[in-house]
Amino acid sequence: MTQDMHYYEPAAGHGLAHDPFNSIVGPRPIGWIATRSPEGVLNLAPYSFFNAFSYTPALIGFSSNGYKDSVRNAEATGEFVWNLATRPLAEKMNLSASIVPHEVDEFDLAGLTPVASRLVKPPRVGESPVAFECKVTQIVRLKNKDGVDSESWMTFGEVVAVHIDKSLIKDGVYDTAAARPILRGGGPEAYFEITEDRMFRMRRP
């Protein structure tokens, strides 16, 4: 079957109203990252380039376009906390994305509760039903195909402690849909919510 394909080479531009790259690679889980500066200032910010990368060790990572406070704090302290962004918390999560001075505490800005972690200094979001306490393993400045440094940094962390609202564990299994997680779509506004009615089951061969 012949398809009428829109073709472009990213270096030359996409020719559309909005870059389709992050719409195609999506929806993407959100890295809602809490850090603490060496001076004790709290920072909370969402990153849409985020995922899990390994079972053992349990590794997650987020990519920041620019050397932002989350990366700076994670590099300086070696710690961060990932928090699950859910539909009830979507508007507060969005507020935490505000571009504000370094000394502004986004927990306070978004009206969220910092709750002390067990093994790391950055707090978790008290309203979020799931959180991972993480120790930084690597921070990598990403390069292009020619080996030239980009303005993006990838921060990896090993999950050293996990917090889960017990209401989300049913017969020993974590219920993904019950948490109502949200994911980032494309364009300037698109988000998606995971709901049970959209689930289907399929076993790997």
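The values are calculated or read from the model by the stated rules, or taken from the named source; none is laboratory data. Predicted, not measured: the structure shown is a model, and the values here were computed from it. Here the Cβ positions follow ideal geometry from the backbone for every residue, glycine too, while neighbour counts run over all protein chains shown.
Screening region 146-205 for residues that are among the aromatic types (Phe, Trp, Tyr) and under 25 Å from Val81 (Cα atoms) and picking the one that is nearest to the chain's Cα centre (by Cα) gives Phe156.
Taking residues in region 69-92 that are in contact (Cβ under 8 Å) with a residue 40 or more places away in the chain and at negative phi, and partners anywhere that are part of a helix (DSSP H, G or I) and crowded, with 18+ Cβ neighbours inside 10 Å, the pairs with Cβ atoms closer than 8 Å and at least 6 places apart or on different chains are Phe80/Ser70; Phe80/Asn73; Phe80/Ala74; Leu84/Ala179; Ala85/Met93; Thr86/Ala179.
Looking across region 168-193, the residues that are modelled with pLDDT under 95 and surrounded by 10 or more Cβ atoms within 10 Å (Cβ to Cβ) come down to Gly185, Gly186, Gly187, Ala190. Select from region 104-159 the residues that are of a type in the set (S, T, N, Q) and within 12 Å of Glu79 (Cβ to Cβ) and write down the one among them that is surrounded by the most Cβ atoms within 10 Å (Cβ to Cβ). In this case the residue turns out to be Thr155.
Within region 164-180, can one find any residue that is assigned to a strand (DSSP E or B) and in contact (Cβ under 8 Å) with a residue 60 or more places away in the chain? No; the residues of region 164-180 include none that is assigned to a strand (DSSP E or B) and in contact (Cβ under 8 Å) with a residue 60 or more places away in the chain.
Restrict the check to region 16-26 and report whether at least one residue is modelled with pLDDT of 95 or more and surrounded by 10 or more Cβ atoms within 10 Å (Cβ to Cβ).
Going residue by residue through region 16-26, those that are modelled with pLDDT of 95 or more are none.
Within region 16-26 (the criterion being modelled with pLDDT of 95 or more and surrounded by 10 or more Cβ atoms within 10 Å (Cβ to Cβ)), the answer is no, since none of the residues qualifies.
Can you name every residue in region 61-82 that is within 14 Å of the chain's Cα centre (by Cα) and part of a strand (DSSP E or B)? Listed by number, the residues that qualify are Gly61, Phe62, Ser63, Ser64, Asn65, Phe80, Val81, Trp82. If you go through region 146-163 and keep only what is without any contact (Cβ under 8 Å) to a residue 24 or more places away in the chain and either touching a strand residue (DSSP E or B) at 6+ places or on another chain (Cβ under 8 Å) or among the aromatic types (Phe, Trp, Tyr) (or both), you end up with Asp149, Ser150.
Please go through region 36-48 and give me each residue that is farther than 16 Å from Ile99 by Cα and either in contact with a Gly (Cβ under 6 Å, 6 or more places away or on another chain) or free of Cβ contacts under 8 Å to residues at least 40 places away in the same chain (or both), ordered by number. Within region 36-48, Pro38, Glu39, Gly40 meet the criteria. Whenever a residue of region 96-120 is over 14 Å from Ser37 (Cβ atoms), its partners that are part of a strand (DSSP E or B) and of a type in the set (Lys, Arg), lying with C-beta atoms within less than 6 angstrom and at least six residues away or across chains, give the pairs Val115/Arg124; Ser117/Arg124. Output yes when any residue across region 94-107 is under 30 Å from Ala11 (Cα atoms), of a type in the set (Ser, Thr, Tyr) and not in a strand (DSSP E or B), and no when none is. Among the residues of region 94-107, at least one is under 30 Å from Ala11 (Cα atoms), of a type in the set (Ser, Thr, Tyr) and not in a strand (DSSP E or B), which makes the answer yes.
Remark: pairs (first residue in region 186-205, free of Cβ contacts under 8 Å to residues at least 40 places away in the same chain and under 28 Å from Asp19 (Cβ atoms); second residue in a strand (DSSP E or B) and aliphatic (A, V, I, L, M); Cβ separation under 8 Å; 6+ apart in sequence or on different chains) = Ile194/Ile182; Ile194/Leu183.
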